[in-house]
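Here is the structure we will look at.
The values are calculated or read from the model by the stated rules, or taken from the named source; none is laboratory data. This one's a predicted model, so the numbers in the text were calculated from it and none came from an experiment. Here the Cβ positions follow ideal geometry from the backbone for every residue, glycine too, while neighbour counts run over all protein chains shown.
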């Protein structure tokens, strides 16, 4: 169940439906912060009020439709929204999907449908925010672009004109030099050898000449030992 009281914007051009949604939202414990029947009014409220959530009728009056408002929210506001529509045909849904909503409500609906739609939208939104906050690096393997969570990278190994990126699940062979690749990594990635960069957040143990990460044993060369000493000293501060 939702514990937070939300400031909700209703965008619906049928007055009776708008009032019905408002009544149900109040019963569910939310605050209706704004009401709009067209694009311009909706954008004005989004920019002037503290809105947590939007319910948008796809087929509002005017040249610009509800999907245009959805596009605006996706590009300019970090809030979840759901679409409200009388239509469930493939063309309408496909058009709506392109604006990346967090759910749908098909008219007519009951109070529990509204509650469920809001809860699912919030769950999906929070999952997306959580993923976006994880530090990532983007690499290209062949024609495929891949985003890797930095926390998942154990170590990176030089392999001629490539680097082998060892993660907790698989190994990615990426065309790059070790030096160039390290320029895109945070400070917890330390070069320990001419051929290795190690994620110090993942190490199991450190000895004089060796670093262990799970079953992997990575050498420490004399010329890079100072890198490790500097990192360990800084982390103690």
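Annotations
- Some residue of the range 28-35 being out of contact with any strand residue (DSSP E or B) (no Cβ under 6 Å at 6 or more places or on another chain), in the same structural domain as residue 116 (by TED's automatic domain parsing) and part of a helix (DSSP H, G or I): no
- Qualifying positions in the range 42-59 - touching a strand residue (DSSP E or B) at 6+ places or on another chain (Cβ under 6 Å), surrounded by fewer than 16 Cβ atoms within 10 Å (Cβ to Cβ) and part of a helix (DSSP H, G or I): none
- Scanning the range 60-80 for residues that are farther than 23 Å from residue 127 by Cβ, surrounded by fewer than 18 Cβ atoms within 10 Å (Cβ to Cβ) and touching a residue at least 40 places away in the same chain (Cβ under 8 Å) yields a count of 1.
Each row is one residue, and each column tells you yes or no for (1) under 30 Å from residue 232 (Cβ atoms); (2) surrounded by fewer than 13 Cβ atoms within 10 Å (Cβ to Cβ); (3) in contact with a helix residue (DSSP H, G or I) (Cβ under 6 Å, 6 or more places away or on another chain).
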| site | (1), (2), (3) |
| --- | --- |
| 91 | no, yes, no |
| 138 | yes, yes, no |
| 174 | yes, no, no |
| 179 | yes, yes, no |
| 182 | yes, no, no |
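- Selection status of residue 83, touching a helix residue (DSSP H, G or I) at 6+ places or on another chain (Cβ under 7 Å), more than 19 Å from residue 38 (Cα to Cα) and not in a helix (DSSP H, G or I): no
- Hey, residue 203 free of Cβ contacts under 8 Å to residues at least 12 places away in the same chain, surrounded by 12 or more Cβ atoms within 10 Å (Cβ to Cβ) and in a loop (DSSP other than H, G, I, E, B) or not: yes
- Here the condition is being under 25 Å from the mean Cα position of the chain (by Cα), surrounded by 15 or more Cβ atoms within 10 Å (Cβ to Cβ), modelled with pLDDT of 90 or more and in the same structural domain as residue 117 (by TED's automatic domain parsing); of 39, 83, it holds for 83 alone.
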